[in-house]
Number of protein chains: 2
Amino acid sequence: MAVFDVKHVGSLSPAVPREGAGPSPCSACEIRSLTICAPLNDIEQTQMAAIVSTVELQSGNPLFDEGEPADHVFNVTAGTVKVYKLLPDGRRQVTGFLFAGDFLGLANQETYAYSAEAVTLCNLCRFPRRKLENLMERFPRVEQRLLNIASNELAAAQDQMLLLGRKTAREKIASFLILLARRARQRGVNDNPVFVPMSRTDIGDFLGLTTETVSRTFTQLKKSNLIRLLPDSKVELSGREDLEEIAGGF
Amino acid sequence: MAVFDVKHVGSLSPAVPREGAGPSPCSACEIRSLTICAPLNDIEQTQMAAIVSTVELQSGNPLFDEGEPADHVFNVTAGTVKVYKLLPDGRRQVTGFLFAGDFLGLANQETYAYSAEAVTLCNLCRFPRRKLENLMERFPRVEQRLLNIASNELAAAQDQMLLLGRKTAREKIASFLILLARRARQRGVNDNPVFVPMSRTDIGDFLGLTTETVSRTFTQLKKSNLIRLLPDSKVELSGREDLEEIAGGF
DNA sequence: CGAACGTTTGACTATGATCAACCAATGTGG
DNA sequence: CCACATTGGTTGATCATAGTCAAACGTTCG
């Protein structure tokens, strides 16, 4: 029993023109510039559409688990996904939150090296790994794009190591809020108040803190008039300048 | 005044055959299978040699600093390099140690996002970023190789996040020793006793600990008969099985 | 209405940091 | 050649940040 629904977007065989009368969802894709499909022209896009399927994932449901065969890669088109690793005794490290446009599933192992789970209701494009690799042979620009994405992720990972290894709880929370705001801005979403869809536990597992410390630090920042907690998981960054300074470790 | 010496390996212009009578150092390269040059055939290798120069770097000297224009990428051929990021007040996070075969300098920014410095006497191959990019257009296998390397680094970064965010000092030190041993093994070097060329400060900055805690944890492991500290910066992993368990968080 | 869950707050604790002294090895200059 | 300084490492005493354990509160959902 699958925990998510899958729909095929294009025809399965490149020889057959795409089925139905309407255009493939890809041509209407509003976030293409953010995805791995960004460098494709119309013809190439059609070939991409032929191997892609869309996935809808309810909040809290797994996309895949660490150790599973890594048969697919994904592009988030809506919602928020978290990726994490576990220790045998249950300690968890969230290594990233993914939003619309973000790519997911890069690995050269046969199996996923981490688990992925929906934080909110999500939509994703799903590519069979093998078929995408074949396509990349023909479209080197997609491979370049992927290398570009990987480089960015690597830089983000290094920032996160600095945060985890050397920042205080206050600096971690400030950095986190600034990060969410920046990422919202990148995809053209309102960045103040910023939408914070994940739980205190998830935030703690991302920042190397406990939920209690996350909660305490939020109230502390609130009392300093640097943030305001609004309804619907929104946080107003009242003292954005100061938050940036705290986040930067000044 | 440069802190490192540079020698050109091949001719500067691809039109002119490589200078001198002897073969380029690349054809004698003992660690090619570990580097970005691995997928090159002889002809391609010659073109690569034309843009490469070699760098020797004394222990403690910088290769580049965060914020500098990222004009070159590097491949370590001998010795150990550390890469790190700093906070304004001097707090440091070492994000990685690099050994023979390791690639260095990936970034899509105009500037380096981190600093790199020699831990021991080092040799490196230096590639002008722009010229390598041009070469990659012609040799897509090098780009694939680079994507492969980036994927591996990303997986390693996620492991390190788990370590920094969720492991105890004891688990961090055990993980570190196991990591050094595994990496030594990968490049065909004796992995027990393992060579630990970096200082306690560097280890602490890599693991998110202070030098004192690193030192105390070493003595603690020593008293548990899991390791022995040998001369010449060697550490014997006496209880390797147990160390693996501790490192894994059991 | 009650159960379950996520969040907040409080009291106390523990892990690792800080501050400080000491030791061993290495290098320098008289 | 030896006194001395410097550096890296170890150990000790104390402290502070964040973790643990616990309780209460508010929301949401059967």
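Here are a few things to note about the model shown:
- Amide H within-cut-off set for residue A:80, under 5 Å, with H built and near neighbours excluded: A:119, A:120
- Cα-based helix-to-principal-axis angle, A:42-51 vs chain A, degrees rounded to 10: 80 degrees
- For region A:74-118, applying the loop criterion from DSSP together with a ceiling of 16 other beta carbons within 10 Å to the trypsin sites (Lys or Arg not before Pro) yields A:91.
- In terms of its alpha-carbon gyration tensor, the protein assembly as shown comes out oblate; a/c meets the 1.5 threshold, while b/c is at least as large as a/b.
- Rolling a 1.4 angstrom probe over chain A with all protein chains present gives an accessible area of which 49% lies on carbon and sulfur atoms.
- Kirkwood-type radius of chain B, with distances r between different C-alpha atoms, in Å: 19.4 Å
- The amide H of residue A:111, built 1.01 Å from its N in the peptide plane, has A:70 as neighbours under 5 Å, considering only residues 5 or more places off or on other chains.
- Above 19 Å, the calculated P(r) of region B:4-146 contains 52 percent of its Cα-Cα pairs.
- Under the Karplus curve 6.51 cos²θ - 1.76 cosθ + 1.60, θ = phi - 60°, whole-Hz ³J(HN,Hα) for region B:112-117, x wherever Gly or Pro sits: 5, 8, 7, 9, 9, 8
- Taken over the Cα atoms of region B:167-248, the convex hull encloses 84 Å³ per residue.
- Solvent-accessible area buried by A and B, counting both chains, probe 1.4 angstrom, square angstrom: 4000 Å²
- Shielding by partners, peptide B:92-102 (average Cβ within 10 angstrom, other chains): 2
- Judged by the gyration tensor of its Cα atoms, with axes a ≥ b ≥ c, region A:192-238 is oblate; a/c meets the 1.5 cut and b/c is at least as large as a/b.
- Annotation for region A:178-250 versus region A:64-88: alpha-carbon center distance of 24 Å.
- A full extension of the chain between residue A:59 and residue A:211 corresponds to an added length of 52.7 nm, given 0.36 nm per residue minus the alpha carbon distance.
- For the residues of B:133-145, the average number of beta carbons from a partner chain within 10 Å of their own beta carbon is 2.
- Sequentially through region A:168-179, phi angles give Karplus couplings (6.51, -1.76, 1.60; θ = phi - 60°) of 7, 4, 4, 5, 5, 5, 4, 4, 5, 5, 5, 4 Hz, Gly and Pro residues having no value and appearing as x.
- Accessible area expressed per residue, region B:167-248, with surrounding protein chains retained (probe 1.4 Å, Å²): 49 Å²
- Residue list for region A:177-198, given a label point 7 angstrom along the Cα-to-Cβ vector of residue A:33 and an amide N cut-off under 19 Å: A:182-191
- Solvent exposure of region A:4-156, expressed per residue, is 46 Å² of accessible area, with all protein chains present and a 1.4 angstrom probe.
The values are calculated or read from the model by the stated rules, or taken from the named source; none is laboratory data. Nothing here was measured: the structure is a model prediction, and the numbers come from that model. Please note: Cβ atoms are built from the backbone with ideal geometry, for glycine as well, and neighbour counts cover all protein chains shown. For accessibility, only protein heavy atoms count, side chains too; no ligands or nucleic acids. Shrake-Rupley method; radii C 1.70, N 1.55, O 1.52, S 1.80 Å.
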